[in-house]
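One structure is given below, encoded as structure tokens.
The values are calculated or read from the model by the stated rules, or taken from the named source; none is laboratory data. This is a predicted model, so every value here is computed, not measured. With ideal geometry, Cβ positions are generated from the backbone for all residues, glycine too; neighbour counts draw on all protein chains shown.
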Amino acid sequence: MLQNASVPAAESTRLPANPAILAGAPPGVGIATRGGLAPWQVRRVTAYIEEHLSSTIRLQDLAGIARLSHSHFCRAFKESLGHPAHAYVMRRRVHRAQGLMLTTTESLSQIAALCGMADQAHFCKLFRRLVGESPNAWRRAQRRAVTCKPPEAHHDGIQTR
């Protein structure tokens, strides 16, 4: 086999390992990562997850939405979004629960049910693992942070309580 002496064979046919990283975009956003999900698949799957957080989300259903086999979908999802699909769903559920804890007075058991958790114990265990403190302690700390805001200044620069 003849090779051009000015361009080594390995460099002339080599593709970047992850074009999304080279383009400055996070994996799964706008540019398909090699071996990952296509942008349309990411949009469809994440939209489905957001719409169905309060109910059971099966990996087989997500794979069907992406038109991939179960095993191929799991590998491609992790490549594109950086987490396995189940971990991504659990993180989204905790994020939704945080929003509900800040905006409602619902009990933690009700919030757990609204976010698709099996029960309050499951919710508390997952929340503590991902956030680092119990849901009740987090909720109290967030409320305290909101009520302990520094005094606002009037138009004349004098602070009021």
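A few points about this structure:
- Complete set of residues in region 57-97 that are closer than 23 Å to residue 135 by Cβ and in a helix (DSSP H, G or I): 86, 87, 88, 89, 90, 91, 92, 93, 94, 95, 96, 97
So that you can scan it fast, the table gives a plain yes or no per residue for (1) without any contact (Cβ under 8 Å) to a residue 40 or more places away in the chain; (2) surrounded by 18 or more Cβ atoms within 10 Å (Cβ to Cβ):
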{"site": "47", "(1), (2)": "yes, no"}
{"site": "50", "(1), (2)": "no, no"}
{"site": "54", "(1), (2)": "no, no"}
{"site": "60", "(1), (2)": "yes, no"}
{"site": "88", "(1), (2)": "yes, yes"}
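- Each residue in region 62-81 was checked for being under 17 Å from the mean Cα position of the chain (by Cα) and either exposed (fewer than 14 other Cβ atoms within 10 Å of the Cβ) or of a type in the set (Phe, Trp, Tyr) (or both), and 2 pass.
- Matching residues, region 90-105, being farther than 30 Å from residue 60 by Cβ and surrounded by fewer than 14 Cβ atoms within 10 Å (Cβ to Cβ): 102, 103, 104, 105
Residues checked against (1) at pLDDT 95 or above; (2) of a type in the set (Asp, Glu):
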| position | (1), (2) |
| --- | --- |
| 73 | yes, no |
| 118 | no, no |
| 140 | no, no |
| 152 | no, yes |
